[in-house]
Every structure is written in structure tokens, then in C-alpha cells.
Amino acid sequence: MSAPFYIGQRLKGKLNWYNITKHLKIVFGWQGVRIEARELTTCTNSERSQTGQSVVIKSVRHFRLENERDVLKQFQGRSPFIRPLIDEIIEPQDPPAIVVKFLDDHLLNATTSKHLSKHEIKYVARRVLQALSVLHRDGFVHTDIKPDNILVNYRTGAGSIRFTDVQLADCGSTVPACSKYAKDGDLIGAPIWRSPEAQLQIGWDTSTDIWSFGAMVCVYTRHAFVIGF
């Protein structure tokens, strides 16, 4: 199966035009091809000339894309630590696609070559907790807290902390704690970060995010961490 979008293709959004410059990741699954991310440069509506701003296009024929769009709209502008929705693609209409902010990397990649320092752990943790606080105040559960869903921009020049921006991403499976998914204990997240109640499928709420967050912090602070499931 081939990707539904090609390098050089121009897509029309509700607010702007976008020119595909790079395939970031292509995943085959769910209902056909899933284009998880595209690196793009924006174009003006009038001349459609490249302006150089990089964004990401997420495209998949799956309800999670629509859910992510709706969740991001609800929380738009309420936290600088949740990756924002920038636009929605309207041409072509199929496959559906949304435009989100581009960041340099995710935490999993950022820590493969160099461990996080104590200051960096605090810096990242504070921002992730603030993002979760906004979601949880409205009764929403992210459900998939893990290093590769925490995006970062790298700092240029010297400094004790490598990062500038830190944003929580991938709200495709974010749902209210009062939803049927939560009450029925639907299996969520990656096994290594999954809370006991989610693993046992006995119902979960916002506390499952805190478990996943705590497990991640334990790993990065090199504390003993036992997975017993």
C-alpha cells in the first residue's frame, strides 16, 4: 500500500495551504494506511509561496483522528504544554487530516543517547503535569502517557537544560473519565506504562495518567521499577 499523500503535493486547509516536504512516519494499520506525521511548509492562500514554517499533518481513516481534533479544539489555548491544533485539511477531503504543531523530537529519542539530568527531569515533569492538570480539571483522561508522546524542541546554544518547548501530544484516545471506555476498563496505553487498573481492565479514571507519569519519572530517575503484569 502506498501513502495517500506524496512529496510536493499541496493541501488546502481551512486557514492556509500546505506543501508536503517530507514523510515523517507511515504506519500501516487500523483502516488502511495511517500517515502519522508529515513535515510541511505553509503556503499563502494568494501566491501559495513557501514561507518555511514547519508543521505536521496527521492523517488516518479512524475515529481517533476525529477525536483528537475535537479534544484539541476543546483545550485550544488553555495550556502551552498541550500540542495545539493548527488547521484542518479540506482538500482533499479523503483521507481526513489535521494540522498540528511541529516539534524537533520526542522524549524517547531525546534520551537514547544521553540521560536526562535532574534539572531536565524537573523541567519536563512540571510541564507534563501542568498539561495533565488542564485535562483532568475537565474530567478528561489522556490514557497514553509515555516518552514518545512528550514532544520537545531543542535549545540552541549552551545551557543546563537541552529543551525549550515541552508539549503533551497524541490525544487520539483521550476520553472523559465518565465515558463507557473508562467505566468498562478498555485496555489503554503501552503495557510498560499502563496502570494496574487499566491492565486488569477493572475501570480507570484520571489517576491512570498519574500512574503512567510516575512510572516514566521512575525510569528517568533510575529508581527501581518492577513490572509485575
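The values are calculated or read from the model by the stated rules, or taken from the named source; none is laboratory data. Quick caveat: nothing in here was measured; it's all calculated off a predicted structure. Using ideal geometry, Cβ is built from the backbone for each residue, glycine included, and neighbour counts are taken over all protein chains shown.
Structure data summary
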| item | result |
| --- | --- |
| Considering residues of the stretch 134-154 that are in contact (Cβ under 8 Å) with a residue 40 or more places away in the chain and out of contact with any helix residue (DSSP H, G or I) (no Cβ under 9 Å at 6 or more places or on another chain) only, the residue surrounded by the most Cβ atoms within 10 Å (Cβ to Cβ) | N153 |
| Residue in the stretch 102-115 that is basic (K, R), modelled with pLDDT of 90 or more and either surrounded by fewer than 20 Cβ atoms within 10 Å (Cβ to Cβ) or under 13 Å from the mean Cα position of the chain (by Cα) (or both) present | no |
| Residues of the stretch 116-133 satisfying the condition of being of a type in the set (S, T, Y) and surrounded by 15 or more Cβ atoms within 10 Å (Cβ to Cβ) | Y123 |
| Residue in the stretch 46-64 that is at pLDDT 90 or above and exposed (fewer than 13 other Cβ atoms within 10 Å of the Cβ) present | yes |
| Meets criteria (surrounded by fewer than 18 Cβ atoms within 10 Å (Cβ to Cβ), farther than 17 Å from S133 by Cα, touching a residue at least 24 places away in the same chain (Cβ under 8 Å) and not assigned by TED's automatic domain parsing to the domain that holds E68) for P176 | no |
| Residue check for A215: among the aliphatic types (A, V, I, L, M), under 19 Å from the mean Cα position of the chain (by Cα) and assigned to a helix (DSSP H, G or I) | yes |
